[in-house]
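Throughout, read-outs are computed from the coordinates displayed, never taken from laboratory work. Computed from a predicted model, the values in this text were never measured in an experiment. Heads up, the Cβs are rebuilt from the backbone with ideal geometry, glycines too, and the neighbour counts pull from every protein chain shown.
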């Protein structure tokens, strides 16, 4: 069964840059994931992991208003998405499907896309899952293994509570 989740459609330029290296402090590391504090997100916390294939995954919380989550996937290779380009994306989380709209970005030599999730619990609930398969419209599926996210998200919650 396909479930729609509401995802923000427009992002200001400064918000797009919030997933880059601006105003971030390392809070710690857990199970192969780095936990960072983003001052310009409330402050909010995120987990990030760079993979051997050159991809970087980020998942976190924006606390500038009501808590909301976000997910970003970047690569140093050609991402086939231009900065600010909107594209439909299908997320398959262990067989449960969600759809949304991502927005392309280019930050510090990485290219990829970023998506807002209006429910922070969606991000936290990924800790109990094995993989997220992200399929951009017209593109190939990208599998993000969620190994270690249970411990990483516990650290993310501690980070968020400390802010």
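Multiplying the sequence separation of residue 52 and residue 76 by 0.36 nm and subtracting their Cα-Cα distance, what value in nm do you get? The residue 52-residue 76 span can extend by a further 7.5 nm. Going out from 0 in 10 Å bins, what whole percent of all Cα-Cα distances in the range 51-97 drops into each bin? It works out to 18, 42, 37, 3, in whole percents. Counting other Cβ atoms within 10 Å as a rough exposure proxy, the listed residues 25, 64, 149 run 25, 64, 149 from fewest neighbours to most.
Comparing Cα centroids, the range 51-128 and the range 135-153 end up 9 angstrom apart.
Under conditions of 4 °C and 1.567 mPa s, the range 2-162 yields 83 µm² s⁻¹ as its translational diffusion coefficient, taking Rh as the Kirkwood radius over Cα pairs in the Stokes-Einstein equation. Spherically averaged projected area of the convex hull of Cα atoms, the range 33-121: 6.3 nm².
Averaging the sequence gap over all C-alpha pairs within less than 8 Å and six or more residues apart, then dividing by the number of residues, gives the range 2-162 a relative contact order of 24 percent. The label point for residue 108 and the one for residue 158, both projected 7 Å from the Cα toward the Cβ, are 2.4 nm apart.
Is it possible to state the helix-based mean residue ellipticity at 222 nm for the chain, with each DSSP H run of 4+ residues giving -39500 (n - 2.57), the sum divided by total residues, to the nearest 500 deg cm²/dmol? What is it? Don't skip to the answer; put the middle values down first.
Numbers: 3 runs with 25 residues, N = 163.
One gets -4000 deg cm²/dmol as the mean residue ellipticity at 222 nm.
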